[in-house]
Amino acid sequence: TADCTENAGVLTDLQLEFLERHCNIENVFTKGVFENTFRSNAHSVDFKGTDTDPARLVLDLGCRRNVGGPKWHAKMRQKLARLGLQPERLKKIEKFRFGDDRVEESICAWRYPVGIQGHNCYLDIAEVKCNCPGLMSDNTIECLGIDLIMSKRKYAVRKYNCEERPVVKDAAGHPVIPGTEFGDLNWFQEKYRTKSFVARRPDACLLYTSP
């Protein structure tokens with residue numbers, strides 16, 4: 001399964017080995033149906049905290065796989081569409097065990113163009129049928145080097161050497177991170193662009209959602 005990948009050129013065998021070991025992306029370049037079970041601390045019940053910014057992801061250290069429900073995915077795609085971007089649908093069937101010990105089977109997965117504090121990457125996020133916010137897994141959190149510095153109520157994205165920012169929480173009190181603070185949108189491959197895509201200058205692409 002693929003949690004966090006960045007298309008910044010051709011990866012060497014050594015880089016692929018590192019990513020497979022540490023970022024859980026061994027199936028990034030394969031097609032087919034995958035039967036895996038992942039565990040998340042989140043209960044698949046009503047959520048409200050991400051409604052104000054559908055592209056926010058909950059930092060869930062108890063989650064082993066990026067995942068979200070239909071409502072979250074629909075809003076995420078709508079937000080990307082306004083920028084002329086679209087995700088890639090992946091044929092993956094996976095099983096998730098949530099905090100209430102109930103197992104949910106996924107519909108598919110989506111590989112999203114994502115922007116983290118002005119830096120572009122792709123995130124593979126599964127879609128389950130139940131109501132669930134967008135959850136960022138511990139593997140992706142590690143891959144991006146996201147540090148929560150609770151003594152200062154701040155967080156930092158070490159992968160991109162970003163400055164520390166105040167921690168933003170959803171209505172339930174969970175820390176969240178915006179997913180549409182893009183850099184140059186031209187960075188994304190053609191298949192992630194819609195017909196309405198318009199090239200934008202890098203200084204016009206950083207979309208910051210204030211707390």
Which one is surrounded by the fewest Cβ atoms within 10 Å (Cβ to Cβ) among residues in the stretch 48-74 that are in a loop (DSSP other than H, G, I, E, B), of a type in the set (Lys, Arg) and at pLDDT 90 or above?
-> ARG64
Kindly establish whether ASP100 is within 12 Å of THR180 (Cα to Cα) and out of contact with any Gly (no Cβ under 7 Å at 6 or more places or on another chain).
-> no
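Is at least one residue of the stretch 143-160 within 11 Å of the chain's Cα centre (by Cα), modelled with pLDDT of 95 or more, over 22 Å from PRO70 (Cα atoms) and not hydroxyl-bearing (Ser, Thr, Tyr)?
yes
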Pair list, Cβ under 6 Å, 6 or more apart: the stretch 96-107 residue free of Cβ contacts under 8 Å to residues at least 40 places away in the same chain, other residue among the small types (Gly, Ala, Ser) and in a strand (DSSP E or B) | SER106/ALA126
Counting only residues that are out of contact with any Phe, Trp or Tyr (no Cβ under 7 Å at 6 or more places or on another chain) and either open to solvent by less than 50 Å² (accessible area, probe 1.4 Å) or part of a loop (DSSP other than H, G, I, E, B) (or both), the stretch 176-191 contains a total of 11
Tell me which residues, restricted to the stretch 120-133, are within 23 Å of PHE182 (Cβ to Cβ) and at pLDDT 95 or above.
-> ASN120, CYS121, TYR122, LEU123, ASP124, ILE125, ALA126, GLU127
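Just need a number here: residues in the stretch 81-118 that are in contact with a Cys (Cβ under 7 Å, 6 or more places away or on another chain), part of a strand (DSSP E or B) and closer than 29 Å to TYR160 by Cα. Show your work before the answer.
Let us first name the residues in the stretch 81-118 that are in contact with a Cys (Cβ under 7 Å, 6 or more places away or on another chain), namely 89-92, 104, 114, 117.
Remaining after also requiring part of a strand (DSSP E or B): 89-90, 104, 114.
Within this subset, residues satisfying the condition of being closer than 29 Å to TYR160 by Cα are 89-90, 114.
Total satisfying the criteria: 3.
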When you go through (1) open to solvent by less than 30 Å² (accessible area, probe 1.4 Å); (2) within 22 Å of ASP184 (Cβ to Cβ); (3) not acidic (Asp, Glu) one by one for PHE96, which number turns out not to apply?
-> (2)
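One line per residue, one yes/no per condition, for (1) within 15 Å of HIS73 (Cβ to Cβ); (2) basic (Lys, Arg):
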residue: SER106; (1), (2): yes, no
residue: ARG111; (1), (2): yes, yes
residue: HIS119; (1), (2): no, no
residue: LEU144; (1), (2): no, no
residue: ASN186; (1), (2): no, no
If you scan the stretch 124-158, which residues turn out to be out of contact with any strand residue (DSSP E or B) (no Cβ under 8 Å at 6 or more places or on another chain) and touching a residue at least 24 places away in the same chain (Cβ under 8 Å)?
-> ASN131, ASP138, GLU142
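The values are calculated or read from the model by the stated rules, or taken from the named source; none is laboratory data. From a predicted model like this one, the values you see are computed outputs, not experimental measurements. Neighbour counts run over all protein chains shown; Cβ positions are idealised from the backbone, glycine included. Surface areas here come from the heavy atoms of the whole protein model, side chains and all, with no ligands, DNA or RNA. Shrake-Rupley method; radii C 1.70, N 1.55, O 1.52, S 1.80 Å.
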